[in-house]
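Structure first, then comments.
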Amino acid sequence: MNPISVGEGPRNASSPRGGTLLVSLYVWTCLVVMAGIARMIIAVHQKIDFGSDDATALAGSVVYLGATASWHVAINAGLGKHAVELSDGHITRYFKAAYAAQLLQIATIGLAKTSSIFLIERVSSQTRKVKATLHGLVGFWFVYSVLAFGLQCGLPMPWEVAAGKCARGGPLVSVIAINMISDLVIAGWILPTLWPLKMDKGRRLIVGFLFGARAGVALVAGGQAWAAARAMQSDDPTWNGFELAIFNQAVTSLSLIVATLPRIKRFLDTGGGDDLRPRITETEIALSTLGADGSSGTGVESLKLVPGSIAKITTTVMATGDRRKKERLQPQQEWEKFTTMGTLQDEHTSTSSLFEHRGVMMQQEVTVQVE
């Protein structure tokens, strides 16, 4: 232990670079925790049911905290210092802690991606084929990542990184590349559903940004790939692992935050002053509830981004003359007045429409029977 000089307080990191890593680590951790708390506040206040997207986001946050603890151990063991300054015991402890942290981060990212997919499913109905495609993409990335990263340095000590031993970082770079591709796919998946909706350009851009923000994670992951290739080919892993640790923390944290971003949008809006609220209201995600004459109401209510209810309407068309008999399973459900957010045809007999009513996205199924 280095003696503390006069006027110098106790250190939480063994080096200035280690201190930078600790600051970065806990700033990102605070942001992730704050996003999770905001999500819970919105869910309780708006009485939103606890869904699969919430469960996976919560699980991801718990695993994320485990990764934070592992990175703290790695930093205390010597991450950010030259390997020649460390004892064999410290180097071994660093390797094991960094190895565990990165495996936990892979699990966190996988859960964050899954949460985003479940949120897309809650907002816009998806077919089984689409669901299988999205979940299969994330599942493939997760399994491949665990095997490729976990075994890239070989057995019996897969955590020990050394130049020439870990395939020169190729497996880790491939993990990052597939992660970037999957992020871009998830980020753009809702855009085809969003584009034909009846909303002004400003609102469409906001919704697109909220769900497309995951593309920003892919951009940051580009720097992560560079840092990974550099660290894995180095003879000084504790020193050159500095940049990789910074990018790992950023990518993992952003992945969780963007999975929560659409759900906390209203929370962020209310944080502004009175001078800011009018401008935000004008570009709110939700369309105002339409009045009986089809005109827009005076109030604008925020989109909760969860399905409020599913209603069914059966319409029977009579062949005699122009008579049409409509049987409504839910009387006074004047759904025609609401803004249709998208439709899905099923064998020319039914239409599943997603529309917004009082700030809540709802799904409406209409079945046509011909007699």
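Observations
- Segment 33-49: number of residues that are without any contact (Cβ under 8 Å) to a residue 40 or more places away in the chain and open to solvent by 100 Å² or more (accessible area, probe 1.4 Å): 5
Here is a yes/no grid of residues against (1) touching a helix residue (DSSP H, G or I) at 6+ places or on another chain (Cβ under 8 Å); (2) among the aromatic types (Phe, Trp, Tyr); (3) in a loop (DSSP other than H, G, I, E, B):
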position: CYS30; (1), (2), (3): no, no, no
position: PHE50; (1), (2), (3): yes, yes, yes
position: GLY60; (1), (2), (3): yes, no, no
position: THR68; (1), (2), (3): yes, no, no
position: VAL73; (1), (2), (3): yes, no, no
position: GLY80; (1), (2), (3): yes, no, yes
position: VAL84; (1), (2), (3): no, no, no
position: GLY89; (1), (2), (3): no, no, no
position: THR92; (1), (2), (3): no, no, no
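- Qualifying residue in segment 150-170 (condition: on the phi > 0 side of the Ramachandran plot, surrounded by 17 or more Cβ atoms within 10 Å (Cβ to Cβ) and outside any loop (DSSP other than H, G, I, E, B)): yes
- Residue within segment 192-202 that is open to solvent by less than 30 Å² (accessible area, probe 1.4 Å), touching a Phe, Trp or Tyr at 6+ places or on another chain (Cβ under 9 Å) and part of a helix (DSSP H, G or I) present: yes
- One residue stands out among those in segment 128-149 that are hydroxyl-bearing (Ser, Thr, Tyr) and in contact (Cβ under 8 Å) with a residue 12 or more places away in the chain: the one that is least open to solvent (accessible area, probe 1.4 Å), which is SER145.
The values are calculated or read from the model by the stated rules, or taken from the named source; none is laboratory data. Remember, it's a predicted structure, so these values are computed and weren't measured experimentally. Every residue, glycine among them, receives a Cβ derived from its backbone with ideal geometry; neighbour counts consider all protein chains shown. Only protein heavy atoms, including side chains, enter the accessible area calculation; ligands, DNA and RNA are left aside. Shrake-Rupley method; radii C 1.70, N 1.55, O 1.52, S 1.80 Å.
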